[in-house]
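Some notes on the structure that comes next.
The values are calculated or read from the model by the stated rules, or taken from the named source; none is laboratory data. In this text the structure is predicted, and so the values were computed from the model without any measurement. Cβ atoms come from the backbone with ideal geometry, glycine included; neighbour counts cover every protein chain shown. Accessible surface is based on the protein model in full, side chains and every heavy atom, while ligands, DNA and RNA are left aside. Shrake-Rupley method; radii C 1.70, N 1.55, O 1.52, S 1.80 Å.
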Amino acid sequence: MSTAPGAQPRGDDECSLTVGKLAADDRKEILAFLAARPLHTVFMAGLIRDNGVVSPLNRGVFYACRNHQGRLEGVALIGHATLVEARSEAARAAFACLAQSCSLSHLIRGEHVDVEGFWTSYARMRGLEPRLVCREVLFEHRGPVRSRKPVKGLRQATLDDLALVMTTNAGLAMEECGVNPLRRDALGFRQRTARRIEQGRVWVWVENGELIFKADVVSDTPEAVYLEGIYVHPRERRKGYGLRCLTQLSRLLLARTEAVCLVVNEEQKDAQAFYRKAGYTQIGDYDTIYLQQLH
C-alpha cells in the first residue's frame, strides 16, 4: 500500500491513522475485511471480484485506513461513486480529509450514519452543498422464496436487447437523480451496459419488442447479490408480472448466494410494499448524496 498524496498520518487520542492507496496484492485482505459486513459492502466487494483492486473499470481508487499496528480500520472507494466502510469515526474523518485532494464526481452512498459523518467533514472543509439527498431503505431476502407461477420469458439479456436496456436504465436514472447518462456519457454508458449484459448480469422479459420486466445484478459475491434498476412496464403494472419475475429471479440468485439486497427511496411506499410482498425485509437506512455536476 502506498501513501496517497495529501494523505498524511492522522492522530487521535489513542492511535495514529494512515491512509493510502490499495494495490493488487492487497486483494485478499480487503475482501476479508469487507466480508465482515457483506450486505453493506457488496458493491465494493463486487467491483474487486470483477475488476481487481486497481482498474479503470472501478471508476475510482480504493484506499485503506490503517492504525499504528498496520491493521485495517477502513476501506473506501473514492471516485464516480464514493463509498466508505469505516470502523471508527477517526477513520471516517481520515477518508473525508483524503477526499479533498481526490475527484468525487457523482455520488456518495452508504448507511445513514456513515454518509452523514463523512459528508459533514467533507462539506465543511470545502464549503459544499449537495445537489440532491435521497433517503433510502436497504432490503434483503435470504429465503425461503414463496412459490409463484414462473414466467417462461424471463431470461438473461443479450446484446440484441442493448438498446431497450439502455433506454430503460437512462429513464430510471433521470427519475432517480435528474441526470441522463445518454447525454452525459453516451459511449461510456453503452460500454458499461454492454459489459454487464455480456457478464450475464441483466435479466429481462421481452414480448413483441417491448420490455415487460428488467433487473440488473450490479454486484455478485458469494455472500450477497445487489440488485438495481428493477423495472416493470407501466402498462403491465398491478398485474402480478413484476412480483412473479422478481420472485423467480430471487430464487435463482439465492441458489448460489446467501442474500439478495437492494435499496429503495424512502418516499416510494408502493415500491417498498412490492418488495415486502416479494419476501424482502427492511434492514437498514441509507443515504445517497448527489454532488453538484462538473462542467
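Tabulated data for the structure shown
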{"quantity": "Residues of the stretch 193-233 that turn out to be closer than 15 Å to Ala173 by Cα and among the hydroxyl-bearing types (Ser, Thr, Tyr), as a count", "calculated": "2"}
{"quantity": "Failed item in (1) more than 20 Å from the chain's Cα centre (by Cα); (2) modelled with pLDDT under 95; (3) open to solvent by less than 30 Å² (accessible area, probe 1.4 Å), with Cys177 passing the rest", "calculated": "(1)"}
{"quantity": "Tally, over the stretch 248-271, of residues that are polar (S, T, N, Q), open to solvent by 10 Å² or more (accessible area, probe 1.4 Å) and not in a loop (DSSP other than H, G, I, E, B)", "calculated": "2"}
{"quantity": "Filter result for Gly229 (of a type outside the set (Ser, Thr, Tyr), under 22 Å from Gly52 (Cβ atoms), out of contact with any Gly (no Cβ under 9 Å at 6 or more places or on another chain) and open to solvent by less than 40 Å² (accessible area, probe 1.4 Å))", "calculated": "no"}
{"quantity": "Failed item in (1) among the charged types (D, E, K, R); (2) outside any loop (DSSP other than H, G, I, E, B); (3) over 25 Å from Tyr226 (Cβ atoms), with Glu129 passing the rest", "calculated": "(2)"}
{"quantity": "Filter result for the condition that a residue is out of contact with any Asp or Glu (no Cβ under 7 Å at 6 or more places or on another chain) and of a type outside the set (S, T, N, Q), over Gly70, Gly74, Gly153", "calculated": "Gly70"}
{"quantity": "Among (1) touching a residue at least 40 places away in the same chain (Cβ under 8 Å); (2) of a type in the set (Ser, Thr, Tyr); (3) in contact with a Gly (Cβ under 7 Å, 6 or more places away or on another chain) - the single one Ser103 does not satisfy", "calculated": "(1)"}
{"quantity": "In the stretch 22-58, the residues that are in contact with a Ser or Thr (Cβ under 8 Å, 6 or more places away or on another chain), under 21 Å from Glu223 (Cβ atoms) and part of a loop (DSSP other than H, G, I, E, B)", "calculated": "Ala35, Pro38"}
{"quantity": "Residue that is farthest from Thr18 (Cα to Cα), among those in the stretch 92-122 that are modelled with pLDDT under 90 and not in a helix (DSSP H, G or I)", "calculated": "His106"}
{"quantity": "Conditions (1) open to solvent by less than 40 Å² (accessible area, probe 1.4 Å); (2) aliphatic (A, V, I, L, M); (3) at pLDDT 95 or above: number failed by Leu159", "calculated": "(1)"}
{"quantity": "Arg201 being under 25 Å from Gly153 (Cβ atoms), at pLDDT 95 or above and surrounded by 15 or more Cβ atoms within 10 Å (Cβ to Cβ)", "calculated": "yes"}
{"quantity": "Residue satisfying all of: in the stretch 126-144; touching a helix residue (DSSP H, G or I) at 6+ places or on another chain (Cβ under 7 Å) and of a type in the set (A, V, I, L, M); modelled with the highest pLDDT among these", "calculated": "Val137"}
{"quantity": "Residues (assigned to a loop (DSSP other than H, G, I, E, B), open to solvent by 30 Å² or more (accessible area, probe 1.4 Å) and either more than 16 Å from Asp25 (Cα to Cα) or in contact (Cβ under 8 Å) with a residue 24 or more places away in the chain (or both)) located in the stretch 59-91", "calculated": "Arg59, His68, Gln69, His80, Arg87, Ser88"}
{"quantity": "Search result, residues across the stretch 247-261 that are touching a residue at least 12 places away in the same chain (Cβ under 8 Å) and either under 12 Å from Ile212 (Cα atoms) or of a type in the set (Gly, Ala, Ser) (or both)", "calculated": "Ser250, Ala259"}
{"quantity": "Inter-residue pairs, beta-carbon under 8 Å, first more than 22 Å from Gln268 (Cβ to Cβ) and in the stretch 161-176, second open to solvent by 30 Å² or more (accessible area, probe 1.4 Å) and of a type in the set (A, V, I, L, M), 6+ apart", "calculated": "Asp161/Val206; Leu164/Val206; Met166/Leu182"}
{"quantity": "Qualifying residue in the stretch 121-137 (condition: closer than 22 Å to Gly178 by Cβ, open to solvent by less than 30 Å² (accessible area, probe 1.4 Å) and acidic (Asp, Glu))", "calculated": "yes"}
